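The values are calculated or read from the model by the stated rules, or taken from the named source; none is laboratory data. As the structure is a prediction and not an experimental result, all values here were calculated from the model. Because the Cβ atoms are built from the backbone with ideal geometry, glycine has one as well, and the counts that use them run over all protein chains shown. All accessible areas refer to the heavy atoms of the entire protein, side chains included, with ligands and DNA or RNA removed. Shrake-Rupley method; radii C 1.70, N 1.55, O 1.52, S 1.80 Å.
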Amino acid sequence: MALAPPLLRLRGIGMRFGDLIANDGIDLDVAAGEIVALLGENGAGKTTLMNILFGHYVADAGEIAIADEAGRLAPLTQGSPQAALAAGIGMVHQHFALAHNLSGLENIMLGTVPLFGLRLPRREVRARLKQLIAETGLAVDLDTPVRALSVGERQRIEILKALSRRARVLVLDEPTAVLAPLDAEHLFGAIRTLAARGLAVIFISHKLSEVLALAHRIVVLRHGRKVADLPAEGADRETLARHMIGHALERPEPTAPRAGPPVLELQGVTCGTGRDRLRDATLTLRGGEIVGIAGVSGNGQRGLAGILSGLERRESGRVLICGEPAGATARQMVARGVGRLTEDRHHDGIAGDLTVAENLILERTRSPQVQRHGLLRRRAIRAEAEAAIRAFDVRCPGPDAPIRLLSGGNIQKLLLARALHGHPRLILANQPTRGLDIGATGEVHRRLQEAAAGGAGVLLISEDLDELLALAHRIAVLHAGHLTPAIETARLDVQTIGLAMAGHAAGAFAPIEAAAS
Amino acid sequence: MTTLRLRMEPRPSPSALLMLGVPVLSALAALLLALVILTVTGAPLGQAVPLLVSGAAGSLFAVTETLTRATPLIFTGLAAAVAFRARLWNIGGEGQLYAGALAAVAVGGGAISAPPYLLVPLVMLAGAAAGALLLLGPVLLKTRLAVDEVVTTLLLNFVMLLFVQMMLEGPMQDPMGMGWPQSAPMVDEAALPKLVAQMRLHAGLILALAAAALVHVLIRRTALGLEMRAVGGNAAAARFAGISVPGTLIITGLFSGALAGLAGASEVAGLKGYLTTDLSPGFGYAGIVVAMLAQLNALAVVPAAIFIAAVFVGADSMSRTLAISNYFADLVVALALMCTLAGSLFLRYRLRLMRTPA
């Protein structure tokens, strides 16, 4: 592979944003048919580099060249997405750019067919897409409005859109961040097929296992610099992690459970609707214990999290927090000693334009620590925010900065500070490390383990089996709204959990995170 | 060869200077654009501009007229600013203003006799309550049934104006009014005192300034204000944090409606003395422009309202002298809104000039 002439060549790419050096002299070659993984922590410069390639930014320094039909490298006009598209560069962003009210077919035609044409060439486009789908295995219903499609299907639409524009280089920005393990497996299959047909693929990720499973070559970025460029064959997690974070990978050490009194008892609880429905769930969680809930998203996790967040009303069954009936509202749950981490930080975790300090106290706007006679105690709030920023190592300009300026990891650390305020007896950690880099993930894990060691019960809802196996003392599996009994982690293996996650499905299903480890 | 290109890049956080500069420049840009159109009409710019300025601020009379005109605009501007903070799109300031005015004449038009220190507060309270009640319906429809408040508040403006007309031609018509559709005059005890001898400026301005200060404290310094901003910033996050989104919207709506109602009450009790259907030349709508120009900042509503009022008053004076239509003022107000919206873009993005190889 390395000997093949490059299809795409980046040389000396440099980019600054104010004081921040996002890219510093990065070289990158990609050959046809090659899958190159761009590995790095959040903020390492991966997305910036790809945005330069795609023409969203103009680099301060460096050149981009792409091979023409004859295979000769020709310079690419920078700063022009149209030029990048015309040269055959396709990009699938982390956040999809699809019109939700249109069907997949219409979304793909957007931008590819002339705007003022009298007739939409639906039949031609459909025929070409049918062929593409047959060749790549990217199966998706082209006529369903995008809003009714799953995340995985939307991603396939995006990829088909890029392919239908005759992409020769496909850039996928953290494509698995939003996918369940099964969908990720399908995606990997499709990527391998596409590469075998000669497509060059650049795959951005910060997950070691999937990079090792998929890529031919791995390029590691750290603080805007290329620190490693090595074949995937023979690479191992430890080496990659060292390149990526600059020091050896710390894995959470499993802690011994200290079974205290029950902090959470679910007795035949049913709640939620549709894919979020939880059916007749029974579970006991003791103080000092971490219980993991494995399962693919959309199997009742939202119903379970909703009940414990105080947002969802139960239809039947009983919920006891420390032996007492649970509250009916979010405020009551917080008052009962429940610390809650939401699944989607940006959607319902933070209000972006509010300051770091304001977001920190948002759950306690009526508490005497925060206000007196309705007036905010600004000095006390500021002091509390400064303490939290220090204690949780939240990197931010200060307590008065709008929280939207913070990175995902730092937002999660602040939300962790909010959830852990007042030493909650029960902690609901719903996908607590989704989308976080290794550094922030380690910090979140350490905090949860500390809280459990301090006597709190932690309910860890996660799709990441590595995380569950490393942290949880017991694991239960959610499938189609049914919760299995929680089994000691020592008695479980990946296959057993995987089978349970797939319901009664065949054993062919094995979560990819687990398969690679 | 290289070409120069302009690109927009996200700006991390706007500086204080920019927060101030953008609205000021937007206002100036609106004036300049309006002057361009003025030239097209053939008006002599050399005369028009001085007339505009002196008409708005050239004498004690001009200044007091501008401030008189600014008074209702401060109220309606605050009404919009409070509501928009919580993403409650109250477009019904005009209707709430008339509701407030109607309640004010109902209370202060002789129905109750009391000394001024009781009657004036009562009149203002009635106006505030009426404005608040008028917005309560749309807010409840929004929180209960997810009905778009833009539509309901906007349409209620017309309903309210017709209702006022009905009342003024019916039960509330002045028996001494020789058949004109106007209410009975406010009794002297209900009138807001004048601030400057011989001028129309009245104590409504003091109330408006106090309201601006109070709203500023409410939004910035109180737990309720934080909840309003949280609901406006991200309702899902507010809900997760245990803030009652419907409750906060209802309280926000009551505040907003009350402020617009005060605009109407202060106009009849301080300026007109009775109610007619031409009480407001669109103060409710202009309040939206004021709030946008002020970037929804309660304190900034005051200078923004004074600017818009000065344009109205100056344009009036200019149009009388030069025989130009006084629609010129509406033109400036409309342009000010557009320039502010365009200007807000620069708060979020910066323009970067860059060289690219062609």
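Can you tell me which residues in the range A:46-65 are surrounded by 16 or more Cβ atoms within 10 Å (Cβ to Cβ), within 11 Å of residue A:10 (Cβ to Cβ) and not aliphatic (A, V, I, L, M)?
Listed by number, the list holds a single entry, A:62.
So, residue A:282, is that one open to solvent by 40 Å² or more (accessible area, probe 1.4 Å) and at the interface with chain B (Cβ under 10 Å from one of its Cβ atoms) or not?
Judged against the criteria, residue A:282 is not a match.
Check every one of the helices (runs of 4 or more DSSP H) wholly within the range B:203-270 and list those with 1 or more residues that are within 13 Å of another protein chain (Cβ to nearest Cβ) and among the polar types (S, T, N, Q).
Answer list for the range B:203-270: B:245-267.
Please indicate, with yes or no, whether at least one residue in the range A:219-230 is of a type outside the set (Gly, Ala, Ser), on the phi > 0 side of the Ramachandran plot and not in a strand (DSSP E or B).
For the range A:219-230, residues of a type outside the set (Gly, Ala, Ser), on the phi > 0 side of the Ramachandran plot and not in a strand (DSSP E or B): present.
Considering only residues that are assigned to a loop (DSSP other than H, G, I, E, B) and open to solvent by 30 Å² or more (accessible area, probe 1.4 Å), look in the range A:66-81 and name the one that is nearest to the other protein chains (Cβ to nearest Cβ).
Checking each candidate, the answer is A:77.
Let me confirm something: among A:348, A:353, which residue is touching a Phe, Trp or Tyr at 6+ places or on another chain (Cβ under 7 Å) and at the interface with chain B (Cβ under 7 Å from one of its Cβ atoms)?
A:348
Kindly evaluate residue A:84 against the criterion of being touching a helix residue (DSSP H, G or I) at 6+ places or on another chain (Cβ under 9 Å), within 14 Å of chain B (Cβ to nearest Cβ) and either outside any loop (DSSP other than H, G, I, E, B) or free of Cβ contacts under 8 Å to residues at least 40 places away in the same chain (or both).
Answer is yes for this residue.
I need the full set of residues from the range A:400-454 which are open to solvent by 20 Å² or more (accessible area, probe 1.4 Å) and hydroxyl-bearing (Ser, Thr, Tyr), in order please.
Correct list: A:407, A:441.
Would you pick out the residues in the range B:286-301 that are more than 19 Å from residue B:87 (Cβ to Cβ) and either crowded, with 24+ Cβ neighbours inside 10 Å or within 8 Å of the chain's Cα centre (by Cα) (or both)?
B:286
Considering each residue of the range B:216-226, count those that are open to solvent by 10 Å² or more (accessible area, probe 1.4 Å) and farther than 19 Å from residue B:80 by Cβ, and give that number.
Residues meeting the conditions: 2.
Scan the range A:210-222 and tell me whether some residue there is under 23 Å from residue A:429 (Cβ atoms), in contact (Cβ under 8 Å) with a residue 24 or more places away in the chain and of a type outside the set (Val, Ile, Thr).
Checked the range A:210-222: at least one residue is under 23 Å from residue A:429 (Cβ atoms), in contact (Cβ under 8 Å) with a residue 24 or more places away in the chain and of a type outside the set (Val, Ile, Thr).
From the list A:446, A:425, A:434, which residue is within 20 Å of residue B:237 (Cα to Cα) and either under 18 Å from the mean Cα position of the chain (by Cα) or more than 14 Å from every other protein chain (Cβ to nearest Cβ) (or both)?
Residue meeting the stated conditions: A:434.
Go over the candidates A:135, A:153, A:158 one by one and state the one that is in contact (Cβ under 8 Å) with a residue 12 or more places away in the chain and farther than 26 Å from residue A:95 by Cβ.
A:135
In the list A:358, A:312, A:343, which residue meets the criterion of being open to solvent by 10 Å² or more (accessible area, probe 1.4 Å), touching a helix residue (DSSP H, G or I) at 6+ places or on another chain (Cβ under 9 Å), within 14 Å of another protein chain (Cβ to nearest Cβ) and at pLDDT 95 or above?
So the residue among A:358, A:312, A:343 that is open to solvent by 10 Å² or more (accessible area, probe 1.4 Å), touching a helix residue (DSSP H, G or I) at 6+ places or on another chain (Cβ under 9 Å), within 14 Å of another protein chain (Cβ to nearest Cβ) and at pLDDT 95 or above is A:358.
Inspect all residues belonging to the range A:227-240 and state whether any of them is surrounded by 19 or more Cβ atoms within 10 Å (Cβ to Cβ), within 30 Å of residue A:194 (Cα to Cα), of a type outside the set (Phe, Trp, Tyr) and under 22 Å from the mean Cα position of the chain (by Cα).
The answer is yes; a qualifying residue exists.
Go through (1) part of a strand (DSSP E or B); (2) among the aliphatic types (A, V, I, L, M); (3) over 18 Å from residue A:502 (Cα atoms) for residue A:305 and report which single condition fails.
With respect to (1) part of a strand (DSSP E or B); (2) among the aliphatic types (A, V, I, L, M); (3) over 18 Å from residue A:502 (Cα atoms), residue A:305 is out only on (1).
Let me confirm something: among B:319, B:325, which residue is small (Gly, Ala, Ser), more than 14 Å from chain A (Cβ to nearest Cβ) and not in a helix (DSSP H, G or I)?
Only one candidate qualifies: B:325.
Could you give every pair whose Cβ atoms fall below 9 Å, whose first residue belongs to the range B:200-228 and is over 20 Å from residue B:243 (Cβ atoms), and whose second residue is of a type in the set (S, T, N, Q) and not in a helix (DSSP H, G or I), counting only separations of at least 6 or pairs across chains?
Short answer, once both residue conditions are applied: B:216/B:297.
Is there a residue in the range B:61-73 that is under 25 Å from residue B:216 (Cα atoms), touching a Leu at 6+ places or on another chain (Cβ under 6 Å), assigned to a helix (DSSP H, G or I) and among the basic types (Lys, Arg)?
So far as the range B:61-73 goes, no, none of its residues is under 25 Å from residue B:216 (Cα atoms), touching a Leu at 6+ places or on another chain (Cβ under 6 Å), assigned to a helix (DSSP H, G or I) and among the basic types (Lys, Arg).
Which one is most open to solvent (accessible area, probe 1.4 Å), of the residues in the range A:16-45 that are part of a strand (DSSP E or B) and of a type in the set (D, E, K, R)?
Checked the range A:16-45; the qualifying residue most open to solvent (accessible area, probe 1.4 Å) is A:16.
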